[in-house]
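Enquirer: Have a look at this one.
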Amino acid sequence: MAQRPIFLPTPAQDELVKEVSVKLTWHSGFAEIQKKRNIQALHEAAGRLGYSPLLEVSTKSEDKVGQHLSAFHLRVKSPVGEIPLECAFQGSKVFERGGPYTELFDVDPRTAKRDSRLRESGRLVAFEFQAMRFPIEPRTAFYDWLYIGAIFPHREWLSRLSKFVGFTDIEFNPERSINCQARSVALFFALRENGLLEAAMESAGSFLQVLRRHNYGSHLALSASQEQFAY
């Protein structure tokens with residue numbers, strides 16, 4: 001057995017996104033078929049709790065929209081043109097002893113994520129992107145801002161996804177990570193349904209202000225032993 005979260009937009013509540021941990025029978029292994037079996041198991045277990053339908057947001061999704069919403073597919077504007085969201089995120093990190101490593105903007109997403117400097121430069125202290133310095137609190141704010149900024153131009157088209165009650169990412173393990181594309185999608189819909197999306201995306205400052213006003217992400221905390229995996 002294992003536990004994985006589902007993310008539900010909750011625009012009527014201060015938290016904006018509700019995270020529900022669901023127990024499922026886990027199929028171990030790295031083969032794509034195993035991951036798809038885990039997605040099915042997670043969605044079926046969530047369905048028994050009353051959470052259905054759900055959309056898997058990852059390259060392993062059975063739904064084309066879910067695949068295209070993966071951070072490995074989405075692109076954001078940068079000083080060097082449009083780049084993969086994952087590269088923008090990794091290349092913007094500022095550590096105690098280095099960064100931002102903006103040369104990661106020019107590599108493929110998997111190479112960017114695996115760059116050894118991201119684990120060898122000390123504690124993460126901030127993000128720098130497009131001449132802006134972004135704080136690390138709320139914990140997922142910079143990733144959410146990048147992600148929602150990437151899908152914001154398609155907000156009308158994405159309204160079709162409002163039929164889903166929540167979102168999952170089978171690759172996300174909350175014991176090792178904090179940022180999750182499924183949570184970012186849920187936040188997008190919570191802001192949209194609350195009439196806050198347009199105002200939040202006016203600027204990075206506006207986005208942070210909205211999140212802090214709603215106490216978003218205040219529950220996200222890791223133990224010292226987990227910090228190295230947080231981002």
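Coordinate-derived values only; no laboratory data. As the structure is a prediction and not an experimental result, all values here were calculated from the model. Cβ sites come from the backbone with ideal geometry, for glycine too, and all protein chains shown count toward neighbours.
Enquirer: When the chain is modelled as a GNM with alpha-carbon springs shorter than 10 Å, which of K36, K113, K163 fluctuates the most?
Expert: K163
Enquirer: Test of understanding: ordering I39, I33, I83, I151 by Cβ neighbours within 10 Å, fewest first, what list do you get?
Expert: Neighbour counts put them in this order, fewest first: I33, I151, I83, I39.
Enquirer: Using Cβ contacts closer than 10 Å as the measure, can you line up L161, L191 from fewest to most?
Expert: So the residues, fewest neighbours to most, are L161, L191.
Enquirer: Per DSSP helix of 4 or more residues, -39500 (n - 2.57); summed, then divided by the residues of the chain. What does that give at 222 nm, rounded to the nearest 500?
Expert: It comes out at -9000 deg cm²/dmol, rounded to the nearest 500.
Enquirer: Hey, another quick one. From the residues L74, F134, Q3, which one has its Cα farthest along the dipole of the chain in the positive direction, the dipole being from +1 and -1 charges on Cβ of Lys/Arg and Asp/Glu about the Cα centre?
Expert: Of the options given, the answer is Q3.
Enquirer: Hey, what did segment 40-106 get for relative contact order, percent, Cα under 8 Å, at least 6 apart?
Expert: Across segment 40-106, relative contact order equals 16 percent.
Enquirer: Sum up the lysine pairs in the chain that clear both bars: alpha-carbon distance under 21 Å and a spacing of 8 or more or different chains.
Expert: 15
Enquirer: Please say if segment 118-219 is rounded, prolate or oblate, where rounded means a/c under 1.5 for a ≥ b ≥ c the square roots of the C-alpha gyration tensor eigenvalues, and otherwise the choice is prolate for a/b larger than b/c and oblate otherwise?
Expert: Oblate shape, in that a/c is at least 1.5 and b/c is the bigger or equal ratio.
Enquirer: Would you mind ranking M201, M132, M1 so that the residue whose beta carbon has the fewest other beta carbons within 10 Å leads the list?
Expert: Listed from fewest to most nearby Cβ atoms, that is M1, M132, M201.
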